[in-house]
Structure formats: C-alpha cells, structure tokens
1. Can you find a residue that is touching a Gly at 6+ places or on another chain (Cβ under 6 Å), of a type outside the set (Gly, Ala, Ser), within 30 Å of LYS128 (Cβ to Cβ) and assigned to a helix (DSSP H, G or I) anywhere in the range 35-47?
2. Is it the case that the range 60-67 has a residue that's touching a residue at least 40 places away in the same chain (Cβ under 8 Å), in a helix (DSSP H, G or I), on the phi < 0 side of the Ramachandran plot and not assigned by TED's automatic domain parsing to the domain that holds LYS148?
3. Any idea which of LEU78, LEU54, LEU72, LEU58 is buried (at least 18 other Cβ atoms within 10 Å of the Cβ), under 21 Å from GLY110 (Cα atoms), at pLDDT 95 or above and touching a Lys or Arg at 6+ places or on another chain (Cβ under 7 Å)?
4. Would you point out the residue of the range 81-126, among those that are of a type in the set (Lys, Arg) and free of Cβ contacts under 8 Å to residues at least 12 places away in the same chain, that is nearest to ILE34 (Cα to Cα)?
5. Would it be correct to say that GLU163 is over 26 Å from SER97 (Cα atoms), part of a loop (DSSP other than H, G, I, E, B) and modelled with pLDDT under 95?
6. Pick out the one residue from ASP112, ASP126 that is in a helix (DSSP H, G or I) and at pLDDT below 95.
7. Which one of SER93, SER135, SER143 is polar (S, T, N, Q), surrounded by 19 or more Cβ atoms within 10 Å (Cβ to Cβ) and more than 19 Å from LYS24 (Cα to Cα)?
8. Starting from the range 127-138, take each residue that is under 16 Å from MET92 (Cβ atoms) and list its partners that are among the small types (Gly, Ala, Ser), counting only C-beta distances under 7 angstrom and pairs at least six apart or across chains.
Amino acid sequence: MTDEERYSKALAFATDKHNGQFRKGGEPYITHPIAVAEMMREKGFGIDYQITGLFHDLLEDTNASESEIEALGGEKVLEAVKLLTKHKGYVMSEYVSAIKANPIAFAVKGADRLHNLQSAVVASEDFKRRYILESIDWYLDFSPDIPKAVKALAQTLSAPMTELELSYKLVEPVEHIR
C-alpha cells in the first residue's frame, strides 16, 4: 500500500470516529487532527508521523480501539498514540517525559499544542490563561513556534499576564505583552 493510500484510509477512519464532535469554535473536530497531520507533512515528517497526527486523539476522545489503530497505522503509530493519550489520574511529568522519549509522539505533541494555542482565541479567558501557563510549564521546548504562539494567545487576553513567574522562557517577557 502506498503512503497516499495509507493516509487516505487513516483520514477516513479518523473522520468517521470524530464524526459529530466539534471544536470550541464550532468547526468539526476532525479539522484539528488534519491540521496536526498537515504540520507534520509540511515539516517533512513521514507517513507514520502524519497518521499519528490524524490519530492522536482517537483513544482519548472516541471509541476507536488500539487494534484498529494498529491495523491502519502500524505498531509505531499505535505506540505514539498511546503515549499521547491522557488517562484518568495521569501524572503530567510522567506523561511529558514519556512523550519526549518517543520521536513521533514528541513531534506530534508539539504540532498538537501549537495548533491548539493558535485555535484557543475562541476560548474563555480562564481557559486561555490556564492553557498559556500549562504551555509555559511543559511544552515550550516541543517546537520553536510554541513560545511565539503563547505570546500571541496572551495578547488576546483582556488583562495582561504580568503575574507569570516563568516569563523569561518566552521570546519576550510576558509583562511586555499587551
């Protein structure tokens, strides 16, 4: 099977499984996995990375099974998707460490976080603040674009986030964001 055929089958499966789900802004949920997969393709990552991008939320948000994911994506894709899945009672430091140890999961999580930061402009102020703080605490080193996206999202807040202790990690200190 060609890479294009693998991608088409994976896309059809992910689209079916996410059917009826919507993002905060109202668009069909599948637009997010497609965007993550597209980021993988644009950065020159291979088909396993792209399919993992399409599948990264399936175990967490749908009734897709591990065997279905493995049948369509293969063992490496399944392993990465399992690492990207947050389980009840997960420990953030362990979750992030495991992702960082897997090149596919690491790249996909970076694209996932970046797309979510770019899309979060429609979210509530409280969500944006919590998402910005979580991004600073855990995800700045996943992609060079994440600090810029954090700054851009912070600029959409009605009140600046001057209280951040970790502002030195950003491209510009947070107190300069208005």
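1. yes
2. yes
3. So the residue among LEU78, LEU54, LEU72, LEU58 that is buried (at least 18 other Cβ atoms within 10 Å of the Cβ), under 21 Å from GLY110 (Cα atoms), at pLDDT 95 or above and touching a Lys or Arg at 6+ places or on another chain (Cβ under 7 Å) is LEU58.
4. Looking at the filtered set, the residue picked out is LYS100.
5. Numbers: over 26 Å from SER97 (Cα atoms): yes; part of a loop (DSSP other than H, G, I, E, B): yes; modelled with pLDDT under 95: yes.
Taking the combined requirement at face value, the residue satisfies it.
6. Working: ASP112 fails: at pLDDT below 95.
Sole residue among the options that is in a helix (DSSP H, G or I) and at pLDDT below 95: ASP126.
7. SER143
8. Once the first residue is under 16 Å from MET92 (Cβ atoms) and sits in the range 127-138, its partners that are among the small types (Gly, Ala, Ser) give TYR131/ALA120; ILE132/ALA154.
The values are calculated or read from the model by the stated rules, or taken from the named source; none is laboratory data. This structure is a prediction, so every number in the text was calculated from the model and none was measured. Every residue, glycine among them, receives a Cβ derived from its backbone with ideal geometry; neighbour counts consider all protein chains shown.
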